[in-house]
Amino acid sequence: MTQKTPDDTKTSASSIPAARESRTSMLAAGKEFYDFFRVVQDYLDRAGRAIKLEPFVQTIISQPKNELIINFPVKMDTGEVRLFKGYRVQHNNLLGPFKGGMRYHPSVTLDDVKALAAMMTWKSALMRLPFGGGKGGIKFDPHSVSKNELQKITRRFTHALGENIGPEYDIPAPDVGTNSQTMAWMMDTYSNMVGSAQKQSVKGVVTGKPVSSGGTLGRTKATGQGAVYCVIQWAKERGFSLEGSTMTVQGFGNVGSHLAVILSRLGVSTIAVGDHTGYLLNTEGFNPHKLQDYVARNGSIQGYPGGKPITRDEFFATKADIFAPCALENQIGEPEASLLTCRVIVEGANGPCNPVGEKVLLDKGIDILPDVLANSGGVTVSYYEWVQNKRSESWTEEEVDAKLEKAMNRAYKEVSDFSRLKKVDMRIAAYGLALQRLEAVYKEREIFP
């Protein structure tokens, strides 16, 4: 069933505890009436004014092309049949196929997915990728079901999406609550929906797959790796030495953990970490490799013996050179921004700073490396995976890293130069560059018919 109706925010019984926890954490961050899509639209408006964007272009990209809501049944291990609500928002495909992750989380809403899909359009354009923007997800807690049930939910959702995804049309990837295993299930399901002669040619329907199933080396760490390249360029620009510096990280999943591990090789010490289970402090510095392994085994930082439990406020008040929010959106409002003392914020998550918090941070002279730039390493290496699938090639990790470094360094310089030229912050600069590239194509192609 595909419909274009307002979002239904009801949550299934088995995911109520996780959903309640999520709502509690959002309220703690001032998210009670937070409209993420409106925030992204406001950034679009500001960037549009900065570049004098053609009104017809702004009209087109102000809303997604397609908004899919799919309710689908799954028979659980107990024999119970549950109805799940899935989303796929396809924002723009002017530059290439829709591209974006699939999120499994109790707080997934249509408006949030719309905001994230729009951001994927800006990221692809900023990074000069032949992709558009999309995003999807299912409203449930993936930790509340068995692995067998998780596979059933994924496969049933993929089947329900049908021809709304495809390697030349819309290409999902991992996001919050999903991983390479999820992508393997999606790819396998899709390959069994096409003719036998096409099975080997549709591996590119998703990216972020296991390497053995057509994924690329370097994809798992790509988002964190891309953020590291941005931090390195920022440090060079500011004359700041990373050796001996300190960092705090909110969210120690795929992005946050790889960011901490890679920066540790450059002499950056992670002294405080946090996730949905709480916050830990170690003034001597965590061993990011051991903490990453612990989280992989246990699903969170809770119970990790190498740190002292602290409150959320104490975490944000911990003085460090770098702060990396790598959890969910809207985690840094005015209260958190007032507590933060750091030199730079590198946004590993999408939309972690709300506009009020962002203003406080900028007024305090804290640099912000915005999400559209800082975490675009993931979609960039997804593009490399897609290309390898199309060519039936396999690149080395060194080749992938070298290409990513070149792409991130170029994008950072372009955003930084635009920021100085137009006298706007880095976020508006990143949006502005992306919009200029979309505008150029719309002017060339014009409107059909």
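The values are calculated or read from the model by the stated rules, or taken from the named source; none is laboratory data. Small disclaimer: the values here were computed from a predicted structure and weren't measured. A quick note on method: Cβ atoms are made from the backbone with ideal geometry, for glycine too, and the neighbour counts reach across all protein chains shown.
Quick notes on this one:
- Selected residue (criterion: nearest to residue 331 (Cα to Cα)) from residues of region 272-294 that are within 23 Å of the chain's Cα centre (by Cα) and of a type in the set (S, T, N, Q): 277
- Filter pass, residue 237 being crowded, with 22+ Cβ neighbours inside 10 Å, at pLDDT 95 or above and farther than 27 Å from residue 208 by Cβ: no
- Some residue of region 298-309 being in a loop (DSSP other than H, G, I, E, B) and of a type in the set (A, V, I, L, M, F, W, C): yes
- For residue 83, the criteria (1) in a loop (DSSP other than H, G, I, E, B); (2) surrounded by fewer than 21 Cβ atoms within 10 Å (Cβ to Cβ) hold in every case but one, which is (1).
- In region 184-226, residue surrounded by the most Cβ atoms within 10 Å (Cβ to Cβ) [restricted to those that are under 17 Å from the mean Cα position of the chain (by Cα) and free of Cβ contacts under 8 Å to residues at least 60 places away in the same chain]: 206
- Residue list for region 283-299, filter: among the polar types (S, T, N, Q) and touching a residue at least 40 places away in the same chain (Cβ under 8 Å): 292
- Residue in region 170-179 that is part of a helix (DSSP H, G or I) and of a type in the set (Val, Ile, Thr) present: no
- Count - residues of region 361-403 that are of a type outside the set (Asp, Glu), surrounded by 20 or more Cβ atoms within 10 Å (Cβ to Cβ) and not in a strand (DSSP E or B): 19
- Applying the criterion of being of a type in the set (S, T, N, Q) and either surrounded by 21 or more Cβ atoms within 10 Å (Cβ to Cβ) or modelled with pLDDT under 95 (or both) to the residues of region 86-101, the residue that is nearest to residue 60 (Cα to Cα) is 92.
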